[in-house]
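Notes for the one structure printed next.
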Amino acid sequence: MTSSKLVTALMALGCTMVPAIGQTADDIASLRQELQALKNDYATKVGALEARIQQLETTAAAAAVTQEIPQPPPPAPTPRSASSASAFNPSISAILAGGYVNTSRDPGNWAIGGFIPSGGEVGPGERSFSLGESELALSANVDPYFSATLIAALSAEDEIGIEEAFFRTLALPRGFTAKGGRFFSGLGYLNEVHAHAWDFTDQPLIYQAFFGGQFKQDGLQVKWLAPTDLFIELGAEAGNGDAFPATRRNRNGLNSTTLFAHVGGDIGYSTSWRAGASWIDQRAEDRSFETEDELGQPVIDAFTGKSQTWAVDAVLKWAPNGNSARRQLKIQGEYMYRREDGQLAYDTAGLGLSDAYRSRQSGWYLQGVYQFMPRWRVGLRYDALDSGTSKIALVTAGLLSSDAFPALRSVDPERVSLMLDWNPSEFTRLRAQYDWDDARADGTRDRVFRLQYLYGIGAHGAHKY
Amino acid sequence: MIRFIRSILVLLLCAAAIPANAAALKVLATTADWGALVKELGGDRVNVYTATSALQDVHRVDAKPSLVARARSADLVVATGAELEIGWLPVLIQESGNSRIQPGSPGYFEVAPQLHLLEVPSKLDRSLGDIHPQGNPHVQLDARNIAVVAKALTQRLAALDPSGAQVYTQRGQDFDTRWQAAIQRWEAKAAPLKGVQVVIMHRDQVYLCHWLGLQELAAIEPKPGVPPTAAYLAQLVNKLSANPPRIIMANAYNDPKAAKWLGERIHAPVVILPFSVGGSAEAKDLFGLFDDTINKLLAVLK
C-alpha cells in the first residue's frame, strides 16, 4: 500500500511539475501545499479502502467457519462456466492403496494348481505391511473430437507403469465410440474395473489364472451402442497381444482379437442388471514359464499355439427404491472357459523336447456384496477352477513322466473370501478380508487375512456400473 | 376374421403413431424436478425420461446400463450441474456414444450456471465434507429458481427444435404466468413460516429456508455428506434443548432415524418433505411439490 501511495504521489508530482517550470517560488510553495493536500486525501481514501477490505475479509472468513448462510441477492442469472475443471487443466486424481497381509503359508511360492503360470501379479502378496500400487490419473477432452486419459501406476518397488493411456472419440455418429492406445479390455465384467473399485482386495481366481490379473494390451477398440431403451452394446478389440495368454509376436497386423456384447436394463426402480458374453482369440509363441521338474529343479517350459477364451458375466444390483446411499445388494458372477491347442516345449534351455499340447480349462466365481447400512458393506465370494486334464503328447508318448509337469496336474482349486469394509466418505475405503484358499499348487490350505486402505484425492471420480 | 383384420388395423395405426412420437425431442433429465419442468415446457413435443426418483440421493446413483441406453438416444440432457451428478453423469455421457449431448453442445443443459448459488465455499478442502466448489447444487426448492431455469430451458428447447419454437415460447410464457401467480400465492401462504426456527437434515434444504425465511438453527449432518455420530447428536440435544426448533425437516429420500431420535429428545416435530416431484403422493408435479411442502410445514405450526 505504501508503494502504491508513493507511485500515485509521484505521478501527481510529474503532472504538476511540467507546467511548474519557470514559476515563482510562491507558486511552488502553493503547489507543494496542494500536493500535500492531495497526498493526505489519498492516504485517507486508501486507509478507508484498506479498512473495508479487511472488514470484508473477516466477515467472509467468519461465514466460512460458521457456515452461516449469507444473505445473497435474490436469484438472478449470473452466467458462469458450465465446466468445473479448472481452466484447461486436465482433471487430476490420485489413489493411494496399501495394507497388511497375514498368510499361513509362504506367499513366495503361491501358484494356482493345474494352470500354466501367467507371470502376472497374482497371489496374496507379500507378508506384513506393504504399499500397494498408487494410481495417478489425468484426463481431459483434447478437442471437440477426442478425449484422452492417462493412468500411471506407481509400484511399491519404485517403478512407474502405464496402467492405461488411451484416446477416446467424442463425436462419432450413430452410437459408435472408438478407443485406442493401452487400455483394459472390455471383456467380462471386472476386467475394466480399476483395482481401487474392486469389491475385494484382489481379483477372482479366474482373472488371476486366465489373465494374470487383468487383460490389457496396446490396440484399438470400437464399441457400438444400440439406439434402444434396452442397453445393448457390442464391442470389438484388436491389439498387439503383448499380455498373457498371448505373446507379442514379430508380425504385422492383429495379434489378439476380442469380441464382446453386453445387455442391461432395470427391473422396476429397485433393481438393475447387466449381462455379457465375450470371446478372446489369441496366439502365443514361446510363452515361457518357470516351473519345477520331478526332482524339484527349476526348468523353463514354453507353449506355442492358439488360445481361445469364452467368458460370460452377469451383475445385478438391488437397492430399495434405487437409493443406494442407504442399502444396496450387488451380486455378480462370471464364468470363463479356455481352449489351448499347440506345442509344449519342455526344458527349453536344456533338453528342448517339444510335442503337441491340448488343454480345456474353466472356472467361475460368484460374489455378493451387501451394504447393510450407510458406509458399511459385507461381502462373500466363492471361487472355483477346473484345470481339466491337459493332453501332453510328451507324456502320452512316454518320453516324460507326468511328474515332469507338476504345475499342470489335474486339480480343482477353490477359495472362499469374506470381506468387510467401511467407507466413511466417497473418498476413503478401509477393508478387512479373510480367505480360505485351497487353490495353491502344493495342495495345502492357506488362510489369508488382509487389511487394506484406499484413499482418493483430487478430482471426484465417476465409476462405471 | 373381421375382428382379426380390425386388430391388424389397430396395430398398423399404432405403428403409424410411433414415428410421430419418435419425432418428439428426447430429453434425459437427471432429476424428477427438471423432468417435470421439461414436460411443462415441452408438452407433447418432448419425450422425457427421468434418471432418478425423489426417493434417491441424486449424488449417489449408479451409472446404470438403462441410463446409458437413454443417454444414447437423447437429444437433450438436463442436469443440475455444480457437481451434483458428478459420480455418474460423466460416465453416461462418455459411454453413450452420443455426440449431441457432450458438455458444451446445445444438447447439454446445466441448471446451476443459470442461477445464483448459495454457499459457494471460500475454502476448498474435503475435510469440510463433501462440498461442491461451485456452490450448493440443491437449487430446486426456491420456487424463484424454477422460473429462471424455465426461461433458459425454453430458449434451449426452441433452439434444439426450431419447428416447435413457437410452441415452446408460448408454453414458456403460459408456465411463467402460472408460476409467478403461484409464487405469490405460496409466499403469502408461507408468511407465518418467516423466522420460524428449524433444524435441517442435509444442506439440501438451504434454498427452501432461504426463500421462505426459515431460520436454520442446525443441521443434523455435522458436515455435508457426513452422517451424524452419537456424540454429535448428543451435542445437538444439549444445544437445542433450551431453545428447541419448531420443526425438524427431513426429505423423503433421507433415513429419518436420526431426525426422529433428535425430535423425541428435544420435543420437536419431524416433517418429511417430498424434496422432489414424486417425493409424496401430493407432489405429482412442480406445483404439487411446493403446495405439499408448504402445507406440510404449516400443518405442524398449528
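Starting from the Cα-Cα distance between A:Asn250 and A:Glu157, subtract it from 0.36 nm times their residue separation and give me the gain in nm to one decimal.
The span from A:Asn250 to A:Glu157 would gain 30.5 nm if fully extended.
Would you mind pulling out the separation of the Cα centroids of segment A:307-322 and segment B:190-207, in Å?
Centre-to-centre (Cα) distance: 43 Å.
Could you work out the mean projected area of the convex hull around the alpha carbons of segment A:158-212, in square nanometres to one decimal?
Approximately 5.5 nm², given one-decimal rounding.
Spelling out what I want: for every residue of segment B:54-59, take phi, set θ = phi - 60°, compute 6.51 cos²θ - 1.76 cosθ + 1.60 (Karplus), and round to whole Hz; glycine and proline get x.
These are the phi-based 3J(HN,Hα) values: 5, 8, 10, 7, 5, 6 Hz.
Order of A:Ile206, B:Ile93 from fewest to most other C-beta atoms within 10 Å?
B:Ile93, A:Ile206
What is the Cα coordinate range of segment A:96-458 on the first, second and third principal axes, sorted by size from largest, in whole angstrom?
Dimensions of segment A:96-458 along the principal axes of its Cα atoms: 64, 47, 41 Å.
How shielded is B:219-229 by partner chains, expressed as the average number of their Cβ atoms within 10 Å of its Cβ atoms?
Other-chain Cβ atoms within 10 Å of each residue's Cβ, averaged: 1.
For A:Gln308 and B:Asp255, what does the FRET efficiency come to when R0 = 30 Å and r is the distance between their Cβ atoms, rounded to the nearest 0.05?
That pair, A:Gln308 with B:Asp255, gives E of 0.05.
What do you get for Rg/Rh over segment B:100-222 if you use C-alpha atoms and the Kirkwood form of Rh?
Radius of gyration over Kirkwood radius for segment B:100-222 works out to 1.05.
Please pull out the direction-averaged projected area of segment B:21-118, using the convex hull of its alpha-carbon atoms, in nm² to one decimal place.
Hull-based average projected area comes out at 6.3 nm².
Starting from the Cα of B:Gln166, step 7 Å along the direction of its Cβ; do the same at A:Asp355; then give the gap between the two resulting points in nm.
8.7 nm
By a straight-distance test (C-alpha under 18 Å), which aspartates and glutamates pair with A:Lys306 as possible cross-link partners, with residues fewer than eight away in the same chain excluded?
In chain and number order, the partners are A:Glu237, A:Asp242, A:Asp281, A:Glu285, A:Asp286, A:Glu340, A:Asp341, A:Asp355.
Pop a pseudo-label 7 angstrom from the Cα along the beta-carbon direction at both A:Ala393 and A:Ile92 and give the gap in nm to one decimal.
My value for the distance between the label points is 5.7 nm.
For B:Lys123, go through the aspartates and glutamates and keep the ones whose alpha-carbon is under 17 Å away, minus same-chain ones fewer than eight residues off.
Cα-Cα hits under 17 Å: A:Glu57, A:Glu68, B:Glu83.
How high is the FRET efficiency from B:Ala299 to A:Phe167, r the C-beta distance, R0 45 Å, rounded to 0.05?
0.20
Cα atoms only, the protein assembly as shown: Rg and Dmax in Å?
32.7, 125
Subtract the Cα-Cα distance of B:Arg178 and B:Gln155 from 0.36 nm times their separation in residues, and report this length gain in nm to one decimal.
The span from B:Arg178 to B:Gln155 would gain 6.5 nm if fully extended.
List the equivalent ellipsoid semi-axes of chain B in whole Å, largest first, each obtained as the square root of 5λ for an eigenvalue λ of the Cα gyration tensor.
So the equivalent ellipsoid measures 38, 22, 19 Å along its semi-axes.
I need to check one value: relative contact order of chain B, counting alpha carbon pairs closer than 8 Å and at least 6 residues apart, in percent.
This gives 15 percent for chain B.
So what's segment A:356-412 giving for Rg/Rh, alpha carbon basis, Kirkwood Rh from the mean inverse pair distance?
My calculation puts Rg/Rh at 1.35.
Rank B:Leu92, B:Leu286, B:Leu273 by mean-square fluctuation in a GNM of chain B with C-alpha springs under 10 angstrom and give only the top-ranked residue.
So, out of B:Leu92, B:Leu286, B:Leu273, the one fluctuating most is B:Leu92.
Just to be sure I follow the rule: in segment B:190-301, considering lysines 8 or more places apart or on different chains, how many pairs have Cα atoms under 24 Å apart?
Summing the qualifying lysine pairs gives 11.
Which length gain, in nm to one decimal place, applies between A:Asn102 and A:Ile457 when the Cα-Cα distance is subtracted from 0.36 nm times their residue separation?
125.0 nm
Which lysines have a Cα lying under 20 Å from the Cα of B:Lys64, excluding residues fewer than 8 positions away in the same chain?
Partners found: A:Lys223, A:Lys317, A:Lys330, A:Lys464, B:Lys26.
How do A:188-196, A:106-114 rank on mean C-beta neighbours within 10 Å, highest first?
A:188-196, A:106-114
Which listed residue (B:Trp211, B:Pro106, B:Ala181) has the Cα farthest towards the positive end of the charge dipole for the protein assembly as shown, taking +1 on Lys and Arg C-beta and -1 on Asp and Glu C-beta about the Cα centre?
Towards the positive end, the residue furthest out is B:Ala181.
If the viscosity is 0.890 mPa s and the temperature 25 °C, what translational diffusion coefficient in µm²/s does Stokes-Einstein give for segment A:363-465 when Rh comes from Kirkwood over Cα pairs?
Estimated diffusion coefficient is 145 µm²/s.
Using only the Cα atoms of segment A:176-326, what semi-axes does the equivalent ellipsoid have when each is the square root of 5 times a gyration tensor eigenvalue? Give whole Å, largest first.
After scaling each eigenvalue by five and taking roots: 34, 21, 12 Å.
How high is the FRET efficiency from A:Ala178 to B:Glu264, r the C-beta distance, R0 56 Å, rounded to 0.05?
So, using R0 = 56 Å, E works out to roughly 0.45.
Where Rh denotes the Kirkwood radius from the mean inverse Cα pair distance, what is Rg over Rh for segment B:190-301?
Dividing the radius of gyration by the Kirkwood radius yields 0.95.
Which part of segment B:25-50 falls in the paramagnetic zone of B:Ala147, meaning amide N under 19 Å from the point 7 Å along Cα-to-beta-carbon?
B:34, B:37-38, B:40-41
What helices does chain B have that are whole DSSP H segments, at least 20 Å long along their own axis by Cα, and with mean Kyte-Doolittle hydropathy of 1.6 or more?
B:2-22
Would you work out the relative contact order for segment A:123-186, in percent, from Cα pairs under 8 angstrom that are 6 or more residues apart?
Across segment A:123-186, relative contact order equals 24 percent.
Testing the spin-label approximation: label points 7 Å from Cα along Cα→Cβ at A:Ile331 and B:Asn243. State their distance in nm.
Placing both labels 7 Å along Cα→Cβ, they lie 5.4 nm apart.
Just so you know, all these numbers are worked out from the coordinates, no wet-lab data involved. Here the structure is a predicted model, which means the values were calculated and not measured. Every residue, glycine among them, receives a Cβ derived from its backbone with ideal geometry; neighbour counts consider all protein chains shown.
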